[in-house]
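S.K.: One structure coming up, written as structure tokens, with questions to follow.
The values are calculated or read from the model by the stated rules, or taken from the named source; none is laboratory data. Because the structure is a prediction, the values reported are computed rather than measured. All Cβ positions, glycine included, derive from the backbone under ideal geometry; neighbour counts span all protein chains shown. With ligands, DNA and RNA removed, areas are computed over all heavy atoms of the protein, side chains included. Shrake-Rupley method; radii C 1.70, N 1.55, O 1.52, S 1.80 Å.
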Amino acid sequence: MNKTLTRAEEQIMLALWKLDEGGYLKDIVDAMPEPKPHHNTVATLLKILVEKEVVGIKTPNRYNLYYPLLSKDEYSSGSIAGIAKGYFEGSYREVVSFLVDKKKLSVEDLEVLLKQLKKKK
């Protein structure tokens, strides 16, 4: 995934991902956290996301229905890989070590992760 999104674009995508089937402009604004952005701002960002080919448009009536072309998992995976590459020389071990050092990941969290890894072997 080579699509880089701004924080504002990510907020739009988070709202779209909440709306499983996609949504109209009003639905997207309603799905966003407070303080809600202006409709014109969201419309502009949606236009950019369509140009970036991460959002699609259907027009079942006279209004545009927007839907994600990029899944949350695909985007998350690419974002995490980018962080690992950009800040930790591509090492996921270094990412986890950093989270442990900063007390963002507990021993219990690590035990759960180990169980998940063992199940996947």
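S.K.: Checking H38 against (1) open to solvent by 70 Å² or more (accessible area, probe 1.4 Å); (2) more than 15 Å from E9 (Cα to Cα); (3) not hydrophobic (A, V, I, L, M, F, W, C), which test does it fail?
M.R.: Failed condition: (2).
S.K.: Residues in region 49-57: is at least one touching a Gly at 6+ places or on another chain (Cβ under 8 Å), open to solvent by 20 Å² or more (accessible area, probe 1.4 Å) and among the β-branched types (V, I, T)?
M.R.: yes
S.K.: Further question on the same structure: If you check S77 against the conditions, is it in contact (Cβ under 8 Å) with a residue 24 or more places away in the chain, among the hydroxyl-bearing types (S, T, Y) and loosely packed, with under 14 Cβ neighbours inside 10 Å?
M.R.: On the way: in contact (Cβ under 8 Å) with a residue 24 or more places away in the chain: yes; among the hydroxyl-bearing types (S, T, Y): yes; loosely packed, with under 14 Cβ neighbours inside 10 Å: yes.
In short, yes.
S.K.: Let me ask something else about it. Does K119 satisfy the condition of being without any contact (Cβ under 8 Å) to a residue 40 or more places away in the chain, farther than 23 Å from T4 by Cα, within 22 Å of the chain's Cα centre (by Cα) and open to solvent by 80 Å² or more (accessible area, probe 1.4 Å)? Reasoning before the result, please.
M.R.: Details: without any contact (Cβ under 8 Å) to a residue 40 or more places away in the chain: yes; farther than 23 Å from T4 by Cα: yes; within 22 Å of the chain's Cα centre (by Cα): no; open to solvent by 80 Å² or more (accessible area, probe 1.4 Å): yes.
So K119 fails the test.
S.K.: Can I ask one more? What are the residues in region 20-35 that are free of Cβ contacts under 8 Å to residues at least 24 places away in the same chain and open to solvent by less than 50 Å² (accessible area, probe 1.4 Å), if any? Give the steps one after another, and end with the answer.
M.R.: Initial filter on region 20-35 (free of Cβ contacts under 8 Å to residues at least 24 places away in the same chain): 20, 26-27, 29-35.
Hits for region 20-35 are V29, A31, M32.
S.K.: Looking only at residues that are assigned to a helix (DSSP H, G or I) and more than 15 Å from L14 (Cβ to Cβ) in region 79-91, which one is nearest to the chain's Cα centre (by Cα)?
M.R.: Out of the qualifying residues, it is I80.
S.K.: Further, regarding this structure: Considering only region 34-74, state which residues are under 15 Å from the mean Cα position of the chain (by Cα) and assigned to a loop (DSSP other than H, G, I, E, B).
M.R.: K52, E53, V54, L69, L70, S71 - these are the residues of region 34-74 that are under 15 Å from the mean Cα position of the chain (by Cα) and assigned to a loop (DSSP other than H, G, I, E, B).
S.K.: In region 1-28, which residues are in a helix (DSSP H, G or I) and under 12 Å from Y66 (Cα atoms)?
M.R.: I12, M13, A15, L16, W17, L25, K26, D27, I28
S.K.: Does region 15-22 include one or more residues that are on the phi > 0 side of the Ramachandran plot and in contact with a Phe, Trp or Tyr (Cβ under 7 Å, 6 or more places away or on another chain)?
M.R.: Within region 15-22, the subset on the phi > 0 side of the Ramachandran plot is 22.
From what's left, in contact with a Phe, Trp or Tyr (Cβ under 7 Å, 6 or more places away or on another chain): 22.
Checking region 15-22: at least one residue is on the phi > 0 side of the Ramachandran plot and in contact with a Phe, Trp or Tyr (Cβ under 7 Å, 6 or more places away or on another chain).
S.K.: Using beta carbons and a limit of 9 Å, which pairs, at least six apart or on different chains, have the first residue in region 36-47 and in contact (Cβ under 8 Å) with a residue 12 or more places away in the chain and the second one open to solvent by 80 Å² or more (accessible area, probe 1.4 Å)?
M.R.: Between residues of region 36-47 that are in contact (Cβ under 8 Å) with a residue 12 or more places away in the chain and residues that are open to solvent by 80 Å² or more (accessible area, probe 1.4 Å), the close pairs are H39/K26.
S.K.: Which numbered condition in (1) more than 15 Å from M13 (Cα to Cα); (2) touching a residue at least 24 places away in the same chain (Cβ under 8 Å); (3) surrounded by fewer than 11 Cβ atoms within 10 Å (Cβ to Cβ) is the only one that N64 fails?
M.R.: It is condition (3) that N64 fails.
S.K.: In region 85-106, is there at least one residue being loosely packed, with under 13 Cβ neighbours inside 10 Å and of a type in the set (A, V, I, L, M)?
M.R.: Within region 85-106 (the criterion being loosely packed, with under 13 Cβ neighbours inside 10 Å and of a type in the set (A, V, I, L, M)), the answer is no, since none of the residues qualifies.
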